[in-house]
Every structure is written in structure tokens, then in C-alpha cells.
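What follows draws every value from the coordinates through simple rules; no lab data is involved. In this text the structure is predicted, and so the values were computed from the model without any measurement. Cβ placement follows ideal geometry from the backbone for every residue including glycine, while neighbour counts extend to all protein chains displayed.
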Amino acid sequence: MLQGEEHLWPEQLEWIEERIAEAAPTPAQIVSENLTDAETRRWAAAGYDLVFEELAMECSLAGDLPPVRWPPGTAILEWDAGAPSASFEVYQAAFRSRPGFPGWSQSEWIDSLTSEEIFLPSASFCAVHDAKPFGFVVCGTGWIGQVGVDPGYRRMGLATALVTEARARMRALGIGVAYLHVNRNNPAGLATWQHLGWRECGRRGRLERAVTSDATDTI
Ligand SMILES: CC(C)(COP(=O)(O)OP(=O)(O)OC[C@H]1O[C@@H](n2cnc3c(N)ncnc32)[C@H](O)[C@@H]1OP(=O)(O)O)[C@@H](O)C(=O)NCCC(=O)NCCS
């Protein structure tokens, strides 16, 4: 809702509630691509809990990029030379403990990151140390889709090197700005992006209202 138009909210909410009553989804879900604290409070007052929230972050690719400093002994596997399966190994180790880890098969995971036209294989690769894959990055045009580092190799600057290399590759293709999404409940991810100079440029979220028999009656 645009700032200054908040007086329209009761009418808008009434219209939304009528649609929800017709469709009777369980639970009722609201997806906001431009979430604000005020919007979260409005939905909370209508009984909706914020169940998923992520920040959009951006980073200019103009100007000098820092040199890429790989941990000693790092080799790079390109996407068309074995990176997908090596990256899946790292993905499982890196993301297994994240809330909502989906437990996808390798093909489901690869599909989730590469099926859209935006996928950029030339800026997607896996880092290997002594034949062991230990970090990966998957990119789209102007997007960092996913980065993961094996828990045994963290705080060695590997994510920094992966992202800096991906930024350099995107810039070489004439891309001026890169974006990414990071979940609000991921302090290590947020700290990494802030450390690398990315800035918040938006928020998105999903709100849900459980449908109880009482609530159904009142809709
Ligand atoms: C987030 C992640 C990729 C960081 O990888 P990493 O190789 O450990 O990151 P780096 O070593 O390059 O860290 C760079 C800086 O980010 C910050 N940072 C990284 N992890 C941090 C943590 N757990 N706590 C606080 N700050 C952290 C620090 O400033 C760090 O610099 P420092 O070590 O000199 O203090 C890794 O923790 C990971 O794979 N997490 C699970 C998957 C994930 O959340 N991916 C990102 C999704 S958006």
C-alpha cells in the first residue's frame, strides 16, 4: 500500500476477505513483494502471522572490484565440467541445518536453480579443495541465486571469493547491478552480504492465517 493511502486499507481488506471467503484456502496466504513494518502490523491486526521473510539486497558492479582471494589449494569446476553434482554435495552439507531444508534430490535442486531463462551458467561454479567440493555459487543474469560453503571450511573467506568472482564474471558480461534474496532468519548469510557491501533494497514476505472452524464461520 502506498504511503499516504492507508485510509483505503479497511476497504481493501474487506475486498480481500470476501475473495478469501469464496476460495476458502487453508491456510489463507498473503504474499507481499514490498513488505513494510506498517504492512506487517496491518496484517497482524487482521490475524495473519508473518511466516516467511526475506530481504532483497543489491550491489553495484561498477567501480573497482576487490581481488579474488581463494583459500590456498582451491580449484574451480565450471558448470559444464562437473559443477552441478559437486555443488549439490556442498549444498546438502551447507543447507541441511537451515530451517525448512526441503531434502530435494539432485535433479530437483538443480531444476530449482536453473530452469528459468535467467540462469547464468558462466557465473555458476564450484570450488574444490584436495578433490573435495567445498563451496559453490549459482547465478542468474544480475542475480546471485545461491551460495553455500561446507561447514568445515567456513570463515576462511570462501564465500567472499565465490561472490567476488561471480560479480567479476557478471560485470564482464556488461551487467551493472546484482541482486539476491536472503532470509531474515539467516544471520550468517546477512552478515556475509553486509560484510561484502551489499545493501538492503526491499523486503518480501508471506503471511498466513490458520483457518480454524471458528475463523471459517466468521469469514
Ligand atoms: C553464509 C555462508 C555462505 C558464508 O560462507 P563463509 O565462507 O564462511 O563466508 P566468509 O568466510 O567469506 O565470510 C566473510 C565475512 O562474512 C561475515 N560472516 C560470515 N559468516 C558469519 C557468521 N556465521 N557470523 C558472523 N559473521 C559472519 C564475517 O564478517 C566474515 O568475515 P570474517 O570471517 O573476517 O569476520 C556460509 O555460512 C553458508 O554456507 N551458510 C549456509 C548457506 C547459506 O546460508 N547461504 C547464504 C544464503 S543467502
Just how many % of Cα pairs in region 67-175 lie over 23 Å apart, if you round to the nearest whole percent? 21
How far apart, in nanometres, would the label points at ALA191 and HIS7 be if each is projected 7 angstrom from Cα along the Cα-to-Cβ direction? 4.8
For the chain, the charge dipole (Cβ of Lys, Arg +1; Cβ of Asp, Glu -1; about the Cα centre) points to a positive end, and the Cα of PHE88, ASN185, MET1 closest to that extreme belongs to PHE88
Let me see the P(r) profile for the chain: every Cα-Cα distance counted, bins of 10 Å, each bin given as a percent of all pairs. 7, 28, 29, 18, 13, 4, 0
Ranking PRO121, LEU77, ALA161 by how far each Cα lies towards the positive end of the charge dipole of region 67-175 (+1 on Lys and Arg Cβ, -1 on Asp and Glu Cβ), the top one is ALA161
Contour minus end-to-end for TYR179 and ILE16, with contour as 0.36 nm per residue of separation and end-to-end as the Cα-Cα distance? 55.6 nm
Go ahead and run the numbers for FRET between ASP130 and ASP80, Cβ-Cβ distance against an R0 of 30 Å, rounding to 0.05. 0.85
How large is the charge dipole for the chain, taken about the Cα centre, if only the Cβ atoms of Lys, Arg (+1) and Asp, Glu (-1) carry charge, to the nearest 20 debye? 1180
List every residue whose amide H lies under 5 Å from the amide H of ARG203, counting only residues 5 or more places away in sequence or on a different chain, with H placed 1.01 Å from N in the peptide plane. LEU35, ALA56
In order through region 56-70: 3J(HN,Hα) via Karplus (6.51 cos²θ - 1.76 cosθ + 1.60), integer Hz, x for Gly, Pro: 8, 10, 9, 8, 6, 9, 7, x, 6, 9, x, x, 7, 10, 7
